Each structure stands twice: as structure tokens, then as C-alpha cells.
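Working notes for the structure below.
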Amino acid sequence: MRIPSSLSLLAAGLVLLAAACGDDHNSKEAPSAAAPGATATPRATGASTQTAATATPGKAPTALADGTIDPLGGGQQTPWTVKGSTDPFSGVAVVSALRAGVHPEQGGWERIVFEFAGKDRPPAVVQYVGKADACGSGQAVAVQGTAILEVAITGAQAHDNAGKGTIPNTLASPGGKVINGGVSSCDFEGRVTWDFGMNGKHNFKVTTLTSPTRIVIDIEQ
């Protein structure tokens, strides 16, 4: 008996449809191709990114300081007092790191960061001084620059219980226009003082940060 051609075509179509339905249950979605010229966006991994230092051919890299510049206010040249985390402040906070860098925000700033071990923040005074003197002896401390910005921290030390220093005694210029470098002028009897040579008096502003505990001085270029 001969099957009409129309029934043959219908049967073949049903076989193909059944095969296609069976493949849907086992198939995996193929990745979609990116459109020409599109840039792939990486997934967030939760890790923080660190901006790389900038470099100019023939010059040392310029360090970039952590954080951003507070947009409020243009700073001042008058003394600034930093309050301790408690008042009165008790105990001795250890300076665990000292660094300097530059920021491009708001026309350019340079930053000095004092970091402390633990959560306690000691009080400090930031001000321009006429000269730098070593505590105890009173001998003059050489500072390169036409102005000196002094950071005097009380209730602090820059050494461990064995007397070993926790930070260097000098700090090089971060490669900006304002800070020539810094030198330690005191680490004695709960007082830490640093004097920074500047190429003139510039406005500065002081902020405090946590996690880790820091005192931050931003100097306008």
C-alpha cells in the first residue's frame, strides 16, 4: 500500500519536532558574543584596587597617597589642633607608618599620613614654625625649605617596647611641588614631632580617618 506523500511529510515533521524537544532538556546556553567594538566589564571581586604610581621618563615615580581630598574648605595657614579619640587622652599610641603622596583633586594637593597601631588616636597640633628643634637637647634640626610645617603628637611614640623605631627618621619628597621632605625631631616621653620642609607656606587642612587610625594633613599645591 502506498502512503500519500503528504502523510510522509507530516510524519517526518513529527520526528524532527520530537528530536528538537529532547535536545532542549540537555542543552547548555552558549555565551553570547560581544558586539563589535564593545568592552567587556569585569565582575566585581570585592577586592580593593590600588592606583599605580605615575612616572615621568627620567624621573622617579610619584607616590599617590591613600584616600581622597575633603572637598569642603580650602584649608588655612593657622595652627590646627587634632583632638584625641578620648579627652583626656590616656595611654600611648604607636606610630606604625608614615607616608606622603600627591592628589590631583581640586587643582592638586600633597598629603602626609600618620598611621597608628590600634584604634586610639592621640591629640596633635599642626602648624607652621620658624625653626625645628630636637626635643630634649634643643639643638637645631636641619630642614630643607623656606617654610616648616610641624606636626607635634602627644601621647604617642615611634618605637616599640624594645626601643626599635617603627618608622624611619626621615621622609623623602613624594615627588610633588610643595613637600621637600621631613625629619623626626622628637620621639621622647610620649611625644612625637616631625618637621616638614616646604617651598613656602601653603594652605593645609587636617582630617582623621579610621580603619586604620590615621591623622592626615593635606597641603595645597
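Just so it is clear, none of the values below were taken in a lab; they were calculated from the coordinates. For clarity, every value in this text was computed on a predicted model and none was experimentally measured. Methodologically, a virtual Cβ is constructed for each residue, glycine included, from the backbone with ideal geometry; neighbour enumeration extends over all protein chains shown.
A few comments on the model shown:
- Of residues in segment 141-174 being part of a loop (DSSP other than H, G, I, E, B) and among the charged types (D, E, K, R), the one surrounded by the fewest Cβ atoms within 10 Å (Cβ to Cβ): K164
- Any hit, segment 125-140, residues being surrounded by 14 or more Cβ atoms within 10 Å (Cβ to Cβ), assigned to a loop (DSSP other than H, G, I, E, B) and of a type outside the set (A, V, I, L, M, F, W, C): no
- Residues of segment 92-120 that turn out to be loosely packed, with under 13 Cβ neighbours inside 10 Å and more than 15 Å from T68 (Cα to Cα), as a count: 2
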